[in-house]
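Heads up, the thing below is written out as structure tokens.
The values are calculated or read from the model by the stated rules, or taken from the named source; none is laboratory data. Everything numeric here is computed off the predicted structure, so don't read it as measured data. Cβ placement follows ideal geometry from the backbone for every residue including glycine, while neighbour counts extend to all protein chains displayed. To get the accessible areas, we keep the full protein, side chains included, count just its heavy atoms, and leave off ligands, DNA and RNA. Shrake-Rupley method; radii C 1.70, N 1.55, O 1.52, S 1.80 Å.
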Amino acid sequence: MEYLYERISYLRGLVDGLEIDEKTKEGRVLIAIIDALEDFADAINDLEASQSELDDYVGAIDEDLSEVEDEIYDDESDDEYDYVEVECPRCHMLMSVEDELLDDEDAEIVCPHCNETINVKDVVVYEDDDKE
């Protein structure tokens with residue numbers, strides 16, 4: 001951002017070197033333009049500093065999130081779940097449920113299609129002939 005301040009200083013030097021009278025209409029306009037350019041340069045400099053802080057903050061959040069993801073998903077990757085496709089007795093749509101859940105006859109599941117609560121002993125295990 002230093003180059004913006006250098007260019008504004010150069011313009012201010014040109015106005016001073018040309019001995020432009022600040023009391024004339026043109027002189028007031030040129031001085032006002034240079035002052036506005038300086039304000040823009042200050043605002044851009046502040047935005048750049050804020051952007052840099054945000055980049056650092058987002059980077060820290062990303063690292064923390066990565067650690068949390070590793071903690072959560074690495075633990076789950078050790079556990080393998082076996083899923084079985086079953087048919088809802090009410091809407092006859094297929095859904096996947098954990099194999100272990102079918103062993104508990106008192107367990108209930110909610111069909112994702114018809115939103116009905118179903119006892120696992122009422123579901124029909126879907127047998128796919130294409131599976132090996």
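Overview of values
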| item | result |
| --- | --- |
| Residue list for segment 1-51, restricted to those being of a type in the set (S, T, N, Q) and at pLDDT below 95 | SER9, THR24, ASN45 |
| Tally of residues being in a loop (DSSP other than H, G, I, E, B) and open to solvent by 90 Å² or more (accessible area, probe 1.4 Å) across segment 94-117 | 4 |
| Residue within segment 2-17 that is among the aromatic types (Phe, Trp, Tyr), without any contact (Cβ under 8 Å) to a residue 40 or more places away in the chain and closer than 30 Å to ILE118 by Cα present | no |
| Filter result (in contact with a Gly (Cβ under 7 Å, 6 or more places away or on another chain) and surrounded by 11 or more Cβ atoms within 10 Å (Cβ to Cβ)) within segment 15-60 | ILE20 |
| Contacts under 8 angstrom Cβ, first residue in segment 93-107 being of a type in the set (Val, Ile, Thr), partner open to solvent by 70 Å² or more (accessible area, probe 1.4 Å), 6 or more apart | VAL97/TYR83 |
| Qualifying positions in segment 72-115 - farther than 16 Å from TYR126 by Cα, within 35 Å of the chain's Cα centre (by Cα) and modelled with pLDDT under 85 | TYR73, ASP74, ASP75, GLU76, SER77, ASP78, ASP79, GLU80, TYR81 |
